[in-house]
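Notes to accompany the following structure.
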Amino acid sequence: MVATPRKLQEFERREADILAAALELFSGDNWESVTVVQIADRAGIGKGTVYKHFASKDEIYARLALDFFYGLLRCCHRIQDSNDPEAEMRSAFRGALQYHREHQEYSNVRQYVFRAGFWERLSKSYIESFEKLDAEFAIWANQRIERGMDAGVFSKQPLVTVRTGLDALFNGAVSQLWGNRCWMEIEPDEYIEQVVEFAINSIKAGQVEYS
């Protein structure tokens, strides 16, 4: 039996309600103890209805994380290609940090999906979705880093070296922004600019000058 457009719309609406309820609960103080029953109650549906959409609470976390990171990828794709790879990378790094700053409600979700053992509990389809997402991010980032290297703007080094360093810097900065633990006591906007400057200087060709 083929579902009618109306039934499909209702199914999608309920799924959106489940995700919205889960995100609200996961962003609270007792997020780690949230149950499927609590999510169902917050969404105004039965527990069984939740399981028609998601096989487990882990799948809800996974779907929220995918939504979050695809939103970040869309931000990256909005950056126009140009003849200035340094400006592109600055804009990308700044935009990604601002995106995280503006979506702090996903902080616990992001933390949860990077925990050891999480991936082993996911179904094959969700793992494939994350692998596809990772590949799309890699393609986007690698193209811009390589263009910068070819133009002599960024130092010639293995992509994995550049990506590993930038990733470590970025994740540390996100922790500062989301945890409000910036020991330098500077405003978030200024902090982001300082991180962006350090990130770009770390991959630029030639001697880095500090003022």
E131 vs. criteria open to solvent by less than 50 Å² (accessible area, probe 1.4 Å) and either closer than 26 Å to D29 by Cβ or part of a helix (DSSP H, G or I) (or both): no
The range 51-79, subset part of a loop (DSSP other than H, G, I, E, B) and either free of Cβ contacts under 8 Å to residues at least 24 places away in the same chain or of a type in the set (G, A, S) (or both), residue farthest from T35 (Cα to Cα): I79
Whichever residue in the range 111-170 is aliphatic (A, V, I, L, M) and touching a Pro at 6+ places or on another chain (Cβ under 9 Å) and, among such residues, is farthest from A199 (Cα to Cα): A151
Looking only at the range 136-174, and only at residues there that are among the polar types (S, T, N, Q) and touching a helix residue (DSSP H, G or I) at 6+ places or on another chain (Cβ under 9 Å), the one that is modelled with the lowest pLDDT: Q157
Where L73 falls short, out of the listed (1) touching a helix residue (DSSP H, G or I) at 6+ places or on another chain (Cβ under 9 Å); (2) within 25 Å of E197 (Cβ to Cβ); (3) at pLDDT below 95: (3)
Matching residues, the range 107-128, being closer than 23 Å to L97 by Cβ, without any contact (Cβ under 8 Å) to a residue 40 or more places away in the chain and assigned to a helix (DSSP H, G or I): Q111
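The values are calculated or read from the model by the stated rules, or taken from the named source; none is laboratory data. Bear in mind the structure is a predicted one, so any value in this text is a computation, not a measurement. Note: ideal-geometry Cβ built from the backbone for every residue, glycine included; neighbour counts use all protein chains shown. The protein model used for the area step is the full one, side chains on, heavy atoms only, and it has no ligands, DNA or RNA in it. Shrake-Rupley method; radii C 1.70, N 1.55, O 1.52, S 1.80 Å.
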